[in-house]
Amino acid sequence: MSERLNLRVARPEDSRALAQVHIETWRHTYAGMVPDHYLASLTLDGEARIWRRWINARGARESILVVETLPGDAALEQSRIVGFGHAGPARDRSPSHDGEVYTLYVDIDWQGRGVGRQLLSQLFAGLSRAGMGSAIIWVLARNPSRFFYEAVGGERFAERQERFAGVLLDEVAYAWSDLTALQGLKPEV
């Protein structure tokens, strides 16, 4: 059965599903990059509490969006969140980029199907509506998913080292200088 997708604003009751996608993608993508003890310490209840808090506390210029499946026969299947993203004002207050995509996660089984592209497009649209004209996203330099950001027009902008879980990790920022130019970024879903 083919599933249709729906993109919408996250609700507090989505927090457990967001936590599930978050944990699974981190454990799959960051194994060998982030200390194993940190990945093993992630719990569904703990991450769900964090996501519920973020959803409830998001600012007026922030958006947290989810992509969920819409089953063809509701009696046989339930909807399921397969990706989500969170964006808002840049945390570093850089004069060169006023918006930031804080997170963008897509369920492992749904990667490569246009879900990330759809989320990013709508996160950019939300940043634009909130008066932000440019954006960055920070990713681990060893994260193979970083090539997705290059494929959708992100330009390598900066590098830094951040202490995380007791180790220094290399990060790369990808930047989009004009979000209005990306309004035509069409989902491939």
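Structure values in brief
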item: P(r) of the stretch 69-178 over all Cα-Cα pairs, binned every 5 Å from zero, in whole percent; result: 2, 11, 19, 22, 18, 12, 7, 4, 3, 1, 0
item: Listed values (i) 1.01; (ii) 0.97; (iii) 1.07, entry calculated as Cα Rg over 2.2 N^0.38 Å; result: (i)
item: HIS37 accessible area, assembled protein chains, probe 1.4 Å, Å²; result: 120
item: Accessible surface, per residue, of the chain when the full set of protein chains is kept, probe 1.4 Å, Å²; result: 51
item: Electrostatic dipole magnitude of the stretch 116-187 [Cβ: Lys, Arg +1; Asp, Glu -1; Cα centre; debye, to 20]; result: 220
item: Sulfur and carbon atoms: percent of accessible area, the stretch 85-181 [1.4 Å]; result: 47
item: Unit charges on C-beta of K, R, D, E only; dipole of the stretch 39-118, Debye; result: 320
item: Ranked order, MET132, MET33 - accessible area, probe 1.4 Å, largest first; result: MET33, MET132
item: Whole-Hz couplings from phi, Karplus 6.51/-1.76/1.60, listed for the stretch 160-167; x for Gly and Pro; result: 7, 10, 10, 7, 8, 6, x, 10
item: Helix-only mean residue ellipticity at 222 nm for the chain, each DSSP H run of n ≥ 4 adding -39500 (n - 2.57), per residue, nearest 500; result: -9000 deg cm²/dmol
item: Linear extension gain, ASP92 paired with THR180, 0.36 nm per residue minus alpha-carbon span; result: 29.5 nm
item: Solvent-accessible surface ranking, highest first, for THR43, THR25 at 1.4 angstrom; result: THR43, THR25
item: Cα gyration tensor category, rounded, prolate or oblate, for the stretch 10-114 with a/c compared to 1.5; result: oblate
item: Cβ-Cβ FRET estimate between ARG163 and ARG8, R0 fixed at 35 Å, reported to 0.05; result: 0.50
item: Exposure rank, largest accessible area first [ARG156, ARG52; 1.4 Å]; result: ARG156, ARG52
item: Most positive-pole-ward Cα, VAL172, GLN20, GLY88, against dipole of the chain from beta carbon charges; result: GLY88
item: Accessible surface of SER96 - all protein chains present, 1.4 Å probe, nearest 10 Å²; result: 60
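The values are calculated or read from the model by the stated rules, or taken from the named source; none is laboratory data. This one's a predicted model, so the numbers in the text were calculated from it and none came from an experiment. Backbone-built Cβ (ideal geometry, glycine too); neighbour counts: all protein chains shown. These accessible areas exclude ligands, DNA and RNA; they are computed on the full protein's heavy atoms, side chains included. Shrake-Rupley method; radii C 1.70, N 1.55, O 1.52, S 1.80 Å.
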